[in-house]
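The values are calculated or read from the model by the stated rules, or taken from the named source; none is laboratory data. Here the structure is a predicted model, which is why all the values come from computation and not from measurement. Here the Cβ positions follow ideal geometry from the backbone for every residue, glycine too, while neighbour counts run over all protein chains shown.
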Amino acid sequence: MKRKNTLGRTSLVWLYFALVVILILVIVTLIISAIMFLAFRKNDLPPGTPAGIIPIDLMVILGAILGTVVAMLVIKQIFKPIERLSKGLRLVSAGDFSVRLKEKSMFGTIREMYGDFNAMVHKLAGVETLRSDFVSNVSHEFKTPIAAIEGYATLLQNKNLTKERAQEYIEKILSNARKLSTLTGDILNLTKLENQNDVPDKKNYRLDEQIRMAILMFEAEWSAKDIQFDLDLPEIFFLGNDGMMLHVWHNLIANAVKFSERNSAVHIEMHTAEGKIFVCIRDEGCGISQEALPHIFEKFYQGDSSRSTEGNGLGLALAKRIVTLHGGEISAESRQGEGAAFTVALPLAHAAQTA
């Protein structure tokens, strides 16, 4: 279908071109004809000129010459957008994905072609970003689990290995394989979201129920540490992508449970104010240092060793991008040793609160 649309647009461009050339030739010929007719009527011709012969010859010759010159000038202007498109394609083929064409033209077809070009380059830039992230930022993240898998696989080749020790090594291999899978998935999701400008598949759903469901997903973890949840979640509906927003609560609650001390509590409060929905998730764990706090939403940042275990530095970056796509904001407050509080603010204009 896209190929047919492209062919149709190309045919329209050539049709415009042919019509313009024909129109120019007709107009110039008519002008020359009118001039020669007036000159003939006034007998303003050279002596000895046979009446009705040379005026027609001159009309044809001058019309063809002037029509060709004017047509060439107009055609040059018509082909400028095509030249700009050609130049843009050359830059893209050379690896420059920052080039954009201004979608301004007297022809709607040209504007559509420029729009398609910009959309293509935008998607290619996303692919290039994914490649760059893998090369520049991810390589060192893969080294540790890959080295562990290789090491434990080598140990498994020992024929004198006990069954218990072999099972332990197998579990280590599986654990590191899961880390690799999670890391790869997070990178792909983040890259996709960074090159996405809107939220697909929005629906109206209860935000309080979704947060409670996210808490239950970690029941085994918080039960093992005897962590209590202090909840203040009124019934609030929100219009958004429930799958994407679940990832936000999943990440924030997972971190709160992970970094909480035994027999402590996690406090979750939701309320509306100033045209926004506020959700605050606060733990009583080790907290975040003031040096690390400004950077925690950056990709791959794990500068605070006290909160870097069992993570890859992508969870909070993903959560921030999802909240931003929904028109909201996410912030963090913490002091080392005093726990951390993450606040998500979502537009109330996208939600409807029941009585």
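Odds and ends about this structure:
- Taking region 304-326 as the range and being surrounded by fewer than 17 Cβ atoms within 10 Å (Cβ to Cβ), modelled with pLDDT under 90 and more than 22 Å from residue 265 (Cβ to Cβ) as the test, the residues that pass are 305, 308.
- Contacts under 8 angstrom Cβ, first residue in region 140-166 being touching a residue at least 40 places away in the same chain (Cβ under 8 Å), partner part of a helix (DSSP H, G or I) and surrounded by 12 or more Cβ atoms within 10 Å (Cβ to Cβ), 6 or more apart: 141/183; 142/180; 142/183
Conditions (1) at pLDDT 80 or above; (2) in a loop (DSSP other than H, G, I, E, B), marked per residue:
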site	(1), (2)
106	no, yes
115	yes, no
125	no, no
144	no, no
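- Test: residue in region 188-210 that is surrounded by 15 or more Cβ atoms within 10 Å (Cβ to Cβ), touching a strand residue (DSSP E or B) at 6+ places or on another chain (Cβ under 7 Å) and over 24 Å from residue 320 (Cβ atoms): no
- In region 226-248, the residues that are not assigned by TED's automatic domain parsing to the domain that holds residue 279 form no Cβ pair under 9 Å with any partner that is among the basic types (Lys, Arg) and surrounded by 18 or more Cβ atoms within 10 Å (Cβ to Cβ), whether six or more places apart or across chains.
- Scope region 268-279; condition touching a residue at least 12 places away in the same chain (Cβ under 8 Å) and either crowded, with 18+ Cβ neighbours inside 10 Å or more than 18 Å from residue 213 (Cβ to Cβ) (or both); matching residues: 268, 270, 271, 272, 275, 276, 277, 278, 279
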